[in-house]
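I have placed the structure first, in the form of structure tokens, so that the comments after it can refer back to it.
The values are calculated or read from the model by the stated rules, or taken from the named source; none is laboratory data. Computed from a predicted model, the values in this text were never measured in an experiment. Cβ coordinates were reconstructed from backbone atoms using ideal geometry, including for glycine residues, and neighbour counts include every protein chain displayed.
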């Protein structure tokens with residue numbers, strides 16, 4: 001019968017297999033490409049970054065829309081390829097939260113590429129003759145682009161929550177416990193801010209809220225990519241009989257404790273209690 005336990009120390013677990021390293025790089029690249037909206041500051045635009053949706057940047061007939069579409073497509077392809085590498089031919093990670101995070105990453109890729117290929121036709125208030133679209137919590141009921149955008153946001157939230165749970169429960173991806181949790185909190189606050197700004201009257205700089213949200217998602221994906229490529233630390237397991245040193249009797253080498261040969265033992269008789277040395281007195285028996 002073997003008894004297993006934890007020795008209290010930590011050891012490094014190798015997670016840096018080639019496919020995991022490639023998947024980690026793809027996750028980080030997906031996060032960076034997902035923030036292609038930062039390029040809007042490189043050229044003039046009639047859209048106000050503090051009050052416009054990011055979806056308006058790649059609306060049909062908008063200048064530079066191909067740049068934003070390319071960024072979203074690259075992010076989507078990287079996310080789907082990373083999920084495939086982590087799941088096939090069999091899942092690299094164990095545990096329901098970790099596998100859920102990888103599957104949600106694939107769904108995020110599908111939703112993002114659909115979001116990029118199904119843009120809005122025009123921008124109300126900017127393009128002449130463009131009808132105003134209804135707002136509210138469920139604009140996806142009125143436009144397919146809003147539906148794909150909602151699915152992309154829900155998917156990335158599922159990725160972040162499941163991966164964070166796995167980091168605390170399964171002791172993997174330690175970077176998500178501190179920095180990742182802070183980024184997730186910023187994303188949650190900015191999302192609540194954006195939803196409130198979209199449904200309340202007044203100027204609540206909705207565009208700024210969405211840009212903080214998407215920027216936080218970029219930071220979180222980069223952190224997760226680093227965590228995927230970093231070996232995890234797990235408690236050292238020990239097994240009684242295998243890991244612990246066995247007790248063995250040690251023979252004393254001090255000459256004072258070595259057995260002495262008495263005249264009686266030389267004639268064939270031995271004493272179990274030791275011998276008497278003419279100068280040192282009685283000698284104790286050998287200790288084992």
Next on the checklist: Looking at region 129-143, can you tell me whether even one residue there is in a helix (DSSP H, G or I), at pLDDT 90 or above and over 21 Å from residue 79 (Cα atoms)?
Outcome noted: no
Item to check | Residue, nearest to residue 214 (Cα to Cα), within region 57-81, restricted to residues that are touching a residue at least 60 places away in the same chain (Cβ under 8 Å) and in contact with a helix residue (DSSP H, G or I) (Cβ under 8 Å, 6 or more places away or on another chain) | outcome: 58
Next on the checklist: Quick check on region 167-178. Is at least one of its residues touching a residue at least 12 places away in the same chain (Cβ under 8 Å), closer than 22 Å to residue 112 by Cα, surrounded by fewer than 17 Cβ atoms within 10 Å (Cβ to Cβ) and within 11 Å of the chain's Cα centre (by Cα)?
Outcome noted: no
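For every residue, the table says whether it meets (1) assigned to a helix (DSSP H, G or I); (2) modelled with pLDDT under 95; (3) buried (at least 18 other Cβ atoms within 10 Å of the Cβ).
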{"position": "62", "(1), (2), (3)": "no, yes, yes"}
{"position": "68", "(1), (2), (3)": "yes, yes, yes"}
{"position": "80", "(1), (2), (3)": "yes, no, yes"}
{"position": "86", "(1), (2), (3)": "yes, yes, yes"}
{"position": "105", "(1), (2), (3)": "yes, no, yes"}
{"position": "108", "(1), (2), (3)": "yes, no, yes"}
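Being part of a loop (DSSP other than H, G, I, E, B) and either touching a residue at least 60 places away in the same chain (Cβ under 8 Å) or under 31 Å from the mean Cα position of the chain (by Cα) (or both) is the filter here; which residues of region 44-56 pass it? Let's see the steps before the verdict.
Residues of region 44-56 part of a loop (DSSP other than H, G, I, E, B): 44-53.
46, 47, 48, 49, 50, 51, 52, 53, listed by residue number.
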Checklist entry - If a residue has to be farther than 25 Å from residue 35 by Cα and assigned to a helix (DSSP H, G or I) to count, how many in region 168-179 make the cut? => result 2
